[in-house]
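Let me begin by presenting the structure, written as structure tokens, before commenting on it.
The values are calculated or read from the model by the stated rules, or taken from the named source; none is laboratory data. None of these values were measured; they are calculated from a predicted model. Neighbour counts are summed over all protein chains in view; Cβ atoms, including those assigned to glycine, are modelled from backbone coordinates with ideal geometry. Quick note on the areas: whole protein, heavy atoms, side chains included, nothing else; ligands and nucleic acids left out. Shrake-Rupley method; radii C 1.70, N 1.55, O 1.52, S 1.80 Å.
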Amino acid sequence: MALETYSLQPYDANQLLRVARALAGPVLTGNVTLDTRFLDANNVPQRARWLWIGSSGNITYVKYDGSTQLLKNAVAGIWHPIHAIQINSSGTTATDMVWGS
């Protein structure tokens with residue numbers, strides 16, 4: 001029996017309803033530095049689709065359109081489907097965060 005392979009489309013922030021890509025989980029990951037854009041290993045700005053929370057708390061993040069959103073009481077230990085470009089220090093009480101795209 002041969003294994004089936006699937007080719008996932010690259011993530012497109014303008015098409016957030018692509019279920020197959022959203023269910024694939026994070027591919028690129030990086031540590032969160034507050035008040036700094038998410039960057040990959042080559043210092044290229046990234047758009048995060050997921051956020052891992054190590055310790056529960058509030059999260060203030062910048063969305064793709066530049067607006068700011070507050071997520072209260074984010075639970076620790078899971079990947080949250082948060083579409084962001086940066087986590088702000090003001091209003092953020094959660095710690096040990098990792099972004100994924």
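Some notes on this structure:
- Selection of the stretch 42-86 for residues being open to solvent by less than 20 Å² (accessible area, probe 1.4 Å) and under 19 Å from Val27 (Cα atoms) yields Ala48, Arg49, Leu51, Ile53, Ile82, Ala84.
- Scanning the stretch 63-92 for residues that are within 11 Å of the chain's Cα centre (by Cα) and hydrophobic (A, V, I, L, M, F, W, C) gives Trp79, Ile82, Ala84, Ile85, Ile87.
- If the condition is being among the hydroxyl-bearing types (Ser, Thr, Tyr) and part of a strand (DSSP E or B), then the stretch 83-101 contributes only Thr95.
- In the stretch 89-101, residue least open to solvent (accessible area, probe 1.4 Å) [restricted to those that are touching a Leu at 6+ places or on another chain (Cβ under 8 Å), of a type in the set (S, T, N, Q) and over 21 Å from Val44 (Cβ atoms)]: Thr92
- Matching residues in the stretch 29-68 - criterion: being assigned to a loop (DSSP other than H, G, I, E, B) and either within 12 Å of Ser89 (Cβ to Cβ) or in contact (Cβ under 8 Å) with a residue 60 or more places away in the chain (or both): Val32, Thr33, Leu34, Asp35, Thr36, Phe38
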